[in-house]
Every structure is written in C-alpha cells, then in structure tokens.
Amino acid sequence: MNDALKATGSIRRRLTVQLLSGAAILTIILVFIVRSFSQQLAEQSQDNILNASLTAILDASSIQQGEVTVDIPYSAFSMLSNLSNDRVFYRIDQDGAFLTGYADLPTPKLRAAADTPTFMTGTYQDVEIRMVTATRLLALEGRPIELQASIAQSRNGQAQTLAEISNMVMLFGSGFFVMSAIIALLAAQSTVGPLQRLAASVSRRGPHDLRPVTATVPEEMVPLVQSLNQFIQRLDTSLTRSEDFIAEAAHRVRTPLATVRAQAEITLRRVDKDENRAALKEMIRAIDDSSRAAGQLLDHAMVTFRTDHLERSRIDLAALVRECVDRLQAVAALKDMALTYAEIDTAQISGDAILIQNAVRNLLDNAIKYSPMESHISIELTDEAPWLTLSIYDQGLGFPKTGAERLTERFERGDNVGGIVGSGLGLTIVDEVIHAHGGNLTISNNPNGVGACVSISFPLP
C-alpha cells in the first residue's frame, strides 16, 4: 500500500530550509548594519579628533612683532597619537602661501569657509589619509590675514579597528545563525510533532478499533481529524452492514437449499425406476455440495469480518465444546459413530464466542465427515499452562503424507478425499479464528492408530 503513496517532500525539511534561509538573510543584514554603523562611528570619531586637533592649532596661532606665529601645541598631536599609531601630517598656509608643515600635502580645491571645517579623504605618500581643513582670520596692521591649516592622519589604525570589529561581528553573526538554526529545527519539529503523534496514535490501533480520534490537535489539523473520523464512521457502518448481510445471506441461502434437499429425499422414496433414483441421488449430492460450499463461504466471510473486530468476553471453553458435541451427536448417530468428550473443570479463556464455536463445529464436522461408519471420535480438553488445548482424534482417512501444511489455505483439500463432499474451507476458518485469538493450530495423523488428530490451543488469561 505504501508503494501507491507519492511523497512530494518533507514538511519538516521544507520548513527547516525556509527558517534557515530567513535566519541567514537576517544574519547577513545584521552583519552589514553593524559593520556599517561601526565604520560610521569610527570615521566620526576620527573626524572629531582631527577637528579638535586642528582647532587647537588654529587657536595657538597669533601675531607677534608683526609676524604670524603658529606655536603648535603638543596636545594637538598627542590626541591623534593616542588614537592609534597612524602617521600625522599637517600644513599651514598664509594668504594662500605655504607657511609650515608638509608642502606637498594636498589641500581642498574649494576654499574652506571660516570656522567651518572641510573634511576629505585622499591618498598621500601611498597611504590613505583623512584630512580636515579650516581657516582663521587674523589682523595685522589693520589688514586681514587668512590663515589656513590642514591636518591629516593615515587610516591604517581605523582599518585595523574595523577589521577587528568585522571579525567580532562575523563571530556574533555566526553565533546568531547557529542559535537561529537550533530554534528553526526545534520549531520545525514542534510544528510536525502533532502530525507525528496523530499518525502514531492511529497506527497503534488494532484493526478492530474504529473509535473516532479524540486527541487534542492544533486548529489547522482539525479539518484533517474531522475527515479521518468521518471516514472511520463510514468504514464502521460499511463493516456492520457487510456482517449483517453475510448473516442474512447465510440464512437466505441455507434455508431454500435445505427445503430443496428435503423435497428431493421425499421424491426419492416415491420413485421406483433406477435411472430416476440415480438422478435424484446425484441431485441430492449436488445440493449437499452446494449447501456446504455456500455455508462455508458465508462462514468464512463472517469470520474474516469478525476477526477484524473481535467481541471478546469470558468463555467457558468446556461448556462451549460440550454444547457443540451435543448438537452433533445426532449427525454422528446416523453413521453409528461414538463421540466421547473428556473435559476439565476449569477452562476459562477470553475470546469471541461465536468465532470459537464456529471453529470447534468445523473441526467436529470434519471429523464426522471423513470418518467411516461405526468409528470412534475422541475429544479431549487439557490444561497445560500457558495453553488450553482442545484435541480431536478420529479414525478416518487422516492427512496425506505430503502437502498437509497447505490444507489451511482456501479451497485446498487432501488428495485422499476426492469422493467426499467438501469445500476446502473448514481448516481455513479454524486457522483464521485461532490465530486471531493468539493461539495455535496443529494438524497431524492420529498417534494412536489410523485417522487424524487436530489440536487447537488458546492462551490462558
């Protein structure tokens, strides 16, 4: 049956992949945002220190003895050196003419406004630098003098700091992704958990358990459980109707056949011609064959349906066997057979009384049918823990030496019973009933002489 199912993928795998993909995207976005913010913060920090250093230099400039004097304070460079081990460059121009510092240090193409620093990023002496430029106006002998100062710092330290931050961010991102992956796996398992529990609950049921599913399930699974319960209800109704039909059919088929056989026997007593009597005997034999086959087929169908949902109860096996023996005494008497029954006082088992009675009746019927006239059939009930065993010994044809193990299959008969009416379903019915009750069926030839021995064993409760 599993071969007919076509799976289109695992819900758990699909959900896990989607959650992991979302976690990976969030991790990448998080790493990008944190790294960008760190870079902006580092650049802003460097710009603030450069601006503070440049302000200190401009504030230290003055006019002494008619000349512009720039006394660069130590703090202007110390605050930059405290940031990192980067190189520091500066340049001071007076009215556009170089005054001191690094003459080849590039300056902004646009003139810096007074008291408004101008930042730029460039390359100087093969290193990347960050530079700030600002101007200050001084008065000399009544005329204005423009003093422009620029200070630059290499960005190696900043790059190193960003690299360290990036490594930490990657480590943090990896940890975030691992945690997200664990949460995704747990979420996927939690999501498919109710499905697995529902499947396990249904699979643990026996074939006779057709109760509706009442397990608590998530809201999304309610339609599935409702559909399953509706299917179980329809199946239960169908099985009940089938069992009722089989019981009714058995009555409808057997009764007309019994009537026809009775009329044929009455007619046989009134007919004198040999050819007519022979024809009537053949008809009676055919009726017996049809009646037995129809009855056995219906019994087998009933057993097949009923074994799927056994109606177990406490059964006194000794009393049940005694009742079957009493009912068949009249049939045995027609062949002058003796039925002896050795029972025990306590023979309680748990099972379906109708099925067990059917099995016992089939065994006794076979023993009577295949035994010769004026023979003896012995029925014994023994208690040998953990089994309660019913054994039937006859003096009939016995089982063939080869192929006896196939006699429990449908329509299989021994090659030594060709002239006796039978359907080949008796032992099949017995075998199905016994195995449905967890018992064993043993067939062998009579160890005490000619004939057969059939034993059925039931587990003691």
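Each label was represented as a point 7 Å from its Cα along the Cα-to-Cβ direction; for Arg312 and Val450 these points are 4.4 nm apart.
Helix 74-83: angle to the longest alpha-carbon principal axis of the chain, degrees 0 to 90, nearest 10? For 74-83 against the chain, the angle is about 10 degrees. Compute the orientation-averaged projected area for region 31-181 from the convex hull of its Cα atoms and round it to one decimal in nm². One quarter of the hull surface, i.e. the mean projection, equals 10.3 nm². Projecting the Cα atoms of Ile183, Gln158, Leu15 onto the dipole axis of the chain, where Lys and Arg carry +1 and Asp and Glu carry -1 at the beta carbon, places Leu15 farthest toward the positive end.
Exposure check, 1.4 Å probe, all protein chains in place: Val34 carries approximately 50 Å² of accessible surface. Local charge for Ala187 was computed over the other residues whose Cβ lies under 14 Å away, with Lys and Arg +1 and Asp and Glu -1, and equals +3.
Tell me the angle of helix 426-436 to the major Cα principal axis of the chain, expressed in degrees between 0 and 90 and rounded to the nearest ten. Approximately 40 degrees, to the nearest 10.
Projecting the Cα positions of Leu137, Ala200, Gly398 onto the charge dipole of the chain (unit charges on Cβ atoms of Lys, Arg, Asp and Glu, taken about the Cα centre) puts Gly398 furthest along the positive direction.
Percentage of Cα-Cα pair distances in region 95-234 greater than 24 Å, rounded to whole percent? Please list the in-between numbers first.
Working: 6395 of 9730 pairs.
Above the 24 Å cut-off, region 95-234 has 66 percent of its Cα pairs.
Of the whole protein surface, Asp126 contributes about 150 Å² of accessible area at a 1.4 Å probe radius.
R0 = 45 Å: FRET efficiency of Ala330 with Trp387, Cβ-based, nearest 0.05? Please report the intermediate quantities before stating the final value.
Working: r = 31 Å, r/R0 = 0.70.
It comes to 0.90.
The Rg/Rh ratio for region 129-212 is 1.71, where Rg is the radius of gyration of the alpha carbons and Rh is the Kirkwood radius. Note that region 345-396 shows a convex hull volume over its alpha carbon atoms of 87 Å³ per residue. For the pair Ile25 and Asp126, a Förster radius of 30 Å applied to the C-beta separation gives a FRET efficiency near 0.15, rounded to the nearest 0.05. Using Cβ point charges alone (K and R +1, D and E -1), the dipole size of region 338-461 about the Cα centre works out to roughly 360 debye. Per residue, the chain exposes an accessible area of 58 Å² to a 1.4 Å probe, with every protein chain left in place. Taking 0.890 mPa s as the viscosity and 25 °C as the temperature, the Stokes-Einstein diffusion coefficient of region 302-383 based on its alpha-carbon Kirkwood radius rounds to 179 µm²/s.
Pulled fully out, how much extra length does the chain show between Ala187 and Asp345, if you take 0.36 nm times their separation in residues and subtract their Cα-Cα distance? Kindly include the intermediate steps, with their values, before the conclusion.
Numbers: separation 158, 0.36 × 158 = 56.88 nm, distance 6.17 nm.
Full-extension gain reported as 50.7 nm.
Distance between the pseudo-spin-label points of Thr442 and Ala279 (7 Å out from Cα toward the beta carbon): 5.2 nm.
Total lysine pairs in the chain at Cα distances under 26 Å, for residues eight or more apart or on different chains: 5.
When only the Cβ of Lys, Arg, Asp and Glu is charged (+1, +1, -1, -1), the dipole of the chain relative to its Cα centre reaches about 1000 debye.
Dimensions of the chain based on its C-alpha atoms, expressed as ranges along the principal axes with the largest first, amount to 168, 44, 38 Å. Measure nothing but the geometry: give the 0 to 90° angle between the long axis through the Cα atoms of 156-203 and the longest principal axis through the Cα atoms of the chain, rounded to 10°. Approximately 20 degrees, to the nearest ten.
On the accessible surface of the chain, probed at 1.4 Å, how many percent belong to carbon and sulfur atoms?
Details: 14970 of 26930 Å².
Carbon with sulfur: 56 percent of the solvent-accessible area.
With each label modelled as a point 7 angstrom along the Cα→C-beta vector, the Leu239-Asp47 pair spans 8.0 nm. Met283 sits with roughly 80 Å² accessible to a 1.4 Å probe, with DNA, RNA and ligands left out of the calculation. Considering the options Val430, Pro223, Ala24, tell which one lies farthest towards the positive end of the dipole of the chain, charges being +1 on Lys and Arg and -1 on Asp and Glu at the Cβ, about the Cα centre. Positive-end residue among those listed: Val430.
Could you quote the convex hull projected area for region 311-460, Cα atoms only and averaged over all directions, in nm²?
Values: hull surface 33.5 nm².
It is 8.4 nm².
Here the calculated FRET efficiency for Val271 and His376, from their Cβ-Cβ distance with R0 = 30 Å, stands at 0.25, rounded to the nearest 0.05. Taking Glu384, Glu146, Glu164 and ordering them by how much accessible surface each has at a 1.4 Å probe, largest first, produces Glu384, Glu164, Glu146. Here the contact order of the chain, divided by its residue count and restricted to Cα pairs under 8 Å and six or more residues apart, works out to 10 percent.
The values are calculated or read from the model by the stated rules, or taken from the named source; none is laboratory data. Predicted model, so just to flag it, every value in this text is computed and none were measured. Cβ coordinates were reconstructed from backbone atoms using ideal geometry, including for glycine residues, and neighbour counts include every protein chain displayed. Areas reflect the complete protein model, heavy atoms only, side chains present, ligands, DNA and RNA absent. Shrake-Rupley method; radii C 1.70, N 1.55, O 1.52, S 1.80 Å.
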